Amino acid sequence: MKLEPYWLATAPGFTGGSTAPIAGKVDVAIVGGGFTGLSAALALAKSGASVAVLEAGRVIGEASGRNGGHCNNGLAHDLGSLAASLGEERAVALYRAFDNAVDTVEALVAREAIDCDFIRTGKIKLAAKPEHFAKLEKSAALLRRTVEPDLAVVSPSEIRREIGTDGFFGGLVYPRSAHMHMGRFGVGLAEAAARNGAAIHENAAVTGLERLNGQAHRVVTSRGMLEAGQVLLATGTSRRGPFAWLRRRIVPVGSFIIATEPLSPERAAAIMPTRRTATTTKNIGNYFRLTPDNRLIFGGRARFALSSPASDAKSGAILRARMLELFPELADTRIDYCWGGLVDMTADRLPRAGERDGVFHALGYSGHGTQMSVHMGQAMAKVMGGDVKANPFAGLGWPAVPGHFGPPWFLPFVGMYYRYQDWRH
């Protein structure tokens, strides 16, 4: 078993990185070489701006290359609950932003000819308890009326048509969701940005950021210093650099994933006949899908801990046990890859994007970043060009998380709370 992300281990190497000194002036400096930063770099470079992407490690080396491979539409929230707090019009607009985000990914894949196995398979949300299905049925009526006219309700008696286990009690099928190979998509996005003129600097951690005369910015990195007319922070959960204001508002939560060896076509068809992406209704639930070569990618918040080789291995054992509860026929199946990553969670699980003190930002995707990060990179390129209406998250307040000043010491207590909620409800 390799303790590395399947997506990164099986992606081609990035060849378009800049070896030039980090110096001089650019129109835009982007901090972070994940999907947000690379998508913004591509859009800005196409518009004629000079762009420098500053990545502390390798492109897509963090959350963008360490996820479960889903590209799902829709919110993490119950639409009715969100409508109660924000109003139905705003809640529906946010839901549609996530729909548009999947369209954005699909369009970029086609336009830039990125070979990443993008396919609209649909997503199924699986009821982990009988009472959860009743809640799904209730939410389905609102979803169909407002945002998901083609939503399909799968009854408990029909669930075996969707998933080869007796561990679930019905579900909802969202037909517009997709999946793809995250590593190949990310490298393709980086190559496209470089091809259009963006300078992408790997191993260039930002260590200082200073406003100059209320206009330009001085950006200091481990490889040099440059001056930028505009700055976009696309850092995710980064615990390095001068970003304390953001870190007080983002909680890094570990999410862990395993990938099996390729299954036989017969076995793959037996466990996931529709080959959709799948998520479950528990707070500490699971998400899984098949790859084109029939590997099962199975993930979840197995432990409320941060990612490290030892932590990933412990979490991998928990995930394998859960996988076998659902699919005991996989007991003889080898686990080839095991990895973890950090999810940039906000308190309300809604992303944040905007401008503060002359510096733009887009992050806090809360476990739904594959599509939204790409979409927000494109959107923030428009915002930075003067189209402020392009930001779907404009106007959302963003208070600091109480008691959060650095490492998330409270994660074990959060885990205890969610386990209690899963047991109780």
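The values are calculated or read from the model by the stated rules, or taken from the named source; none is laboratory data. Computed from a predicted model, the values in this text were never measured in an experiment. No Cβ is skipped: glycine too gets one built from the backbone with ideal geometry, and neighbour counts run over all protein chains shown.
For every residue, the table says whether it meets (1) buried (at least 24 other Cβ atoms within 10 Å of the Cβ); (2) in a loop (DSSP other than H, G, I, E, B); (3) under 19 Å from the mean Cα position of the chain (by Cα).
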{"residue": "Asp27", "(1), (2), (3)": "no, no, no"}
{"residue": "Ser64", "(1), (2), (3)": "yes, no, yes"}
{"residue": "Asn73", "(1), (2), (3)": "yes, yes, yes"}
{"residue": "Ala76", "(1), (2), (3)": "no, yes, yes"}
Inset, instruction - Identify, by number, the condition in (1) at pLDDT below 95; (2) exposed (fewer than 11 other Cβ atoms within 10 Å of the Cβ) that Gln421 doesn't meet. - result: (2)
Inset, instruction - State whether the residues of segment 104-116 include one that is touching a His at 6+ places or on another chain (Cβ under 9 Å) and of a type in the set (Asp, Glu). - result: yes
Inset, instruction - Considering only segment 351-365, state which residues are part of a loop (DSSP other than H, G, I, E, B) and acidic (Asp, Glu). - result: Asp357
Inset, instruction - Can you tell me which residue within segment 311-365, out of those that are farther than 30 Å from Pro262 by Cβ and small (Gly, Ala, Ser), is farthest from the chain's Cα centre (by Cα)? - result: Gly358
Legend entry - Residue identified as crowded, with 19+ Cβ neighbours inside 10 Å, under 22 Å from Ala128 (Cβ atoms) and not hydrophobic (A, V, I, L, M, F, W, C) among Arg301, Arg247, Arg275: Arg301
Inset, instruction - Just need a number here: residues in segment 107-131 that are surrounded by fewer than 20 Cβ atoms within 10 Å (Cβ to Cβ), touching a Gly at 6+ places or on another chain (Cβ under 9 Å) and within 30 Å of Pro12 (Cα to Cα). - result: 3
Inset, instruction - Name, by its number, the condition in (1) touching a helix residue (DSSP H, G or I) at 6+ places or on another chain (Cβ under 7 Å); (2) surrounded by 19 or more Cβ atoms within 10 Å (Cβ to Cβ) that does not hold for Leu319. - result: (1)
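Could you tell me whether any residue of segment 342-351 is farther than 21 Å from Asn72 by Cβ, of a type outside the set (Ser, Thr, Tyr) and surrounded by fewer than 23 Cβ atoms within 10 Å (Cβ to Cβ)?
Checked against the condition, which is being farther than 21 Å from Asn72 by Cβ, of a type outside the set (Ser, Thr, Tyr) and surrounded by fewer than 23 Cβ atoms within 10 Å (Cβ to Cβ), segment 342-351 yields at least one hit.
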Legend entry - Unmet requirement for Ala278, which otherwise passes all of (1) within 22 Å of the chain's Cα centre (by Cα); (2) modelled with pLDDT under 95; (3) farther than 30 Å from Leu209 by Cα; (4) not β-branched (Val, Ile, Thr): (2)
Legend entry - Residue that is of a type in the set (Gly, Ala, Ser), within 17 Å of Thr279 (Cβ to Cβ), over 22 Å from the mean Cα position of the chain (by Cα) and surrounded by fewer than 21 Cβ atoms within 10 Å (Cβ to Cβ), where the choices are Ala83, Ala134, Ala141, Ala152: Ala152
Inset, instruction - Please list, ordered by first then second residue, the pairs with beta carbon atoms under 7 Å, 6 or more apart or interchain, first in segment 190-206 and under 12 Å from Ala52 (Cα atoms) and in a loop (DSSP other than H, G, I, E, B), second at pLDDT 95 or above and among the acidic types (Asp, Glu). - result: Glu202/Glu55; Ala204/Glu55
Legend entry - Selection within segment 366-413 - touching a strand residue (DSSP E or B) at 6+ places or on another chain (Cβ under 6 Å), in a loop (DSSP other than H, G, I, E, B) and not hydrophobic (A, V, I, L, M, F, W, C): Ser366, Gly367, Asn391, Pro408
Inset, instruction - Could you look through segment 194-235, keep only residues that are out of contact with any Lys or Arg (no Cβ under 9 Å at 6 or more places or on another chain) and of a type in the set (Gly, Ala, Ser), and pick out the one that is surrounded by the fewest Cβ atoms within 10 Å (Cβ to Cβ)? - result: Gly214
